[in-house]
């Protein structure tokens, strides 16, 4: 789970020279001509962020320059004695001989024209390098992308072929001072369903260049042909688009060490989660594919001269330092992309604004549709969680999934700020057709028990108020769907908000439970004259007063946060204000 994917506002860079083209990697940078003399920022999903075939690499720095190795399993003698190994494993399809302890793709379901999910039929596994499992390193086997045929759910390419590409990276550190030397740990996860068609040609599966090492010591990987999601013997898989709002369901047997949070490019998400064995879980994710815009912003010298905030952005990016990447300079035109930043990553020289806050109002959308259905795993590094640790500390479970169609986003759980779950996105105002206002989606599926812990809620129903605030401070009218709580999960959704840089706030509340009133017992009809003493009645039960919430101010340097709750505590790193 790679920290550099913390914010996805990246570009198709020279990484493509030694990485296979991954899901949504086709660059749109050439679809709109860049005016002469301008400076362009490109906001695009990562290309080359992970490979689509299984492999293991390791390096040693002994005896001079770095030397890289490629091996067939963690137990391969070729890699013996290396300080660490990186395993990039593609999850293979389950077979009749697969065990519950195996990591594999259990099934794929595709909706037909009526919107009803139907099981797809496994066709074949792409013939790329296989990696053997290691009981010693506790790592599973790695295979190739699996190809599935839908019964009747054709995509816009006109065929019923879909690829399932699930990539998990493990790292193995042999340093005896590490927590578990020699044992693999999950570092990165990505899963995608890809609609595609085949193109014939002189193609072959991707592999390592065994005899070519660049000056930095990297072994080059054979470049997947341009325009191909993956290649097979004589075939190139060309990505297509899903039908509008096409529903997909993917079922996996997955490593139980893959827990925590997921981020997805999808909507209307529902999750099923069951423990199969102590080392594997069964996960089913059902959701709808979405269109994800890719964008750009061109600036003239005159525009920059009139905007002091833009001047500071370009001053920071002039040397292509973080978070900026130089990308394909063309004569007098300069191009940059953003990397490793969330929409509100601060620009130290501009108070209260981030890079995307400044650039987003200028964003335009490339005239290319880009439909997706994918997931990625998230680590806790860099999360803005406030008081979350006590409620989300169970490392044996998935805690939630965040999904959005925003061009720029922070793939983390929402922040817990002022008693609300807060999330920020950014993007262009108009969609890929250049006319229709682009409407944003945001879904959050979160464990009910964690939410009730966070808010000190009882088992009574939960209410949610959704608000979306534009970057200029005005409120938007948004369509929200009823909150659904089912099978231990709470699902919250926001729909139809617009860009450029809105903030989404989910305010959760719960009415205090009211104790039933016990009616006085009715006396039976007297047979004799009643006594003059008063008639006794059954006591009425009294509901103890609900615990009152309070609000405290927490200070970290010059930053002040307000935290509310029944015994509120300051987030880590903050102190209670006197």
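The values are calculated or read from the model by the stated rules, or taken from the named source; none is laboratory data. None of these values were measured; they are calculated from a predicted model. Cβ placement follows ideal geometry from the backbone for every residue including glycine, while neighbour counts extend to all protein chains displayed.
Residues of region 58-78 include none that is within 17 Å of residue 283 (Cα to Cα) and either modelled with pLDDT of 95 or more or surrounded by 15 or more Cβ atoms within 10 Å (Cβ to Cβ) (or both). For region 110-129, the set of residues classified as crowded, with 21+ Cβ neighbours inside 10 Å and assigned to a strand (DSSP E or B) consists of 110, 111, listed by residue number.
A single entry from 471, 467, 500 fulfils the requirement of being in a strand (DSSP E or B) and under 27 Å from residue 431 (Cα atoms): 467.
Exactly one residue out of 220, 203 is at pLDDT below 65 and surrounded by 13 or more Cβ atoms within 10 Å (Cβ to Cβ), and it is 220. Would you point out the residue of region 401-420, among those that are outside any loop (DSSP other than H, G, I, E, B) and modelled with pLDDT under 85, that is surrounded by the most Cβ atoms within 10 Å (Cβ to Cβ)? The selected residue is 408. Being surrounded by 15 or more Cβ atoms within 10 Å (Cβ to Cβ), closer than 22 Å to residue 499 by Cα and over 19 Å from the mean Cα position of the chain (by Cα) is a property that residue 297 has. Can residue 440 be described as surrounded by fewer than 18 Cβ atoms within 10 Å (Cβ to Cβ), more than 16 Å from residue 490 (Cα to Cα) and either touching a helix residue (DSSP H, G or I) at 6+ places or on another chain (Cβ under 7 Å) or at pLDDT 85 or above (or both)? No; evaluated as a whole, the condition is false for this residue. Counting only residues that are crowded, with 22+ Cβ neighbours inside 10 Å and assigned to a strand (DSSP E or B), region 148-162 holds 2 of them. A count restricted to region 451-470 and to residues that are within 17 Å of residue 417 (Cβ to Cβ) and in contact with a helix residue (DSSP H, G or I) (Cβ under 8 Å, 6 or more places away or on another chain) stands at 1. Taken over region 469-487, the criterion of being in contact with a strand residue (DSSP E or B) (Cβ under 7 Å, 6 or more places away or on another chain), modelled with pLDDT of 75 or more and over 11 Å from residue 270 (Cα atoms) is satisfied by 469, 470, 475, 476. Can you tell me which residue is nearest to residue 143 (Cα to Cα) among those in region 100-132 that are in contact with a strand residue (DSSP E or B) (Cβ under 9 Å, 6 or more places away or on another chain) and free of Cβ contacts under 8 Å to residues at least 24 places away in the same chain? Filtering first and then ranking leaves 124. Against the condition assigned to a loop (DSSP other than H, G, I, E, B), in the same structural domain as residue 295 (by TED's automatic domain parsing), within 18 Å of the chain's Cα centre (by Cα) and surrounded by 23 or more Cβ atoms within 10 Å (Cβ to Cβ), how does residue 428 come out, does it pass? Judged against the criteria, residue 428 is not a match.
Being assigned by TED's automatic domain parsing to the domain that holds residue 399, free of Cβ contacts under 8 Å to residues at least 40 places away in the same chain, surrounded by fewer than 12 Cβ atoms within 10 Å (Cβ to Cβ) and over 24 Å from residue 363 (Cα atoms) holds for only one residue in 459, 475, and it is 459.
Conditions tested, residue by residue: (1) free of Cβ contacts under 8 Å to residues at least 40 places away in the same chain; (2) under 30 Å from residue 112 (Cβ atoms); (3) over 17 Å from the mean Cα position of the chain (by Cα).
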| residue | (1), (2), (3) |
| --- | --- |
| 256 | no, no, yes |
| 262 | no, yes, no |
| 275 | yes, no, yes |
| 279 | no, no, yes |
| 282 | no, yes, yes |
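So, in region 133-152, exactly how many residues are in contact with a strand residue (DSSP E or B) (Cβ under 7 Å, 6 or more places away or on another chain) and under 27 Å from residue 184 (Cβ atoms)? Result for region 133-152: 10.
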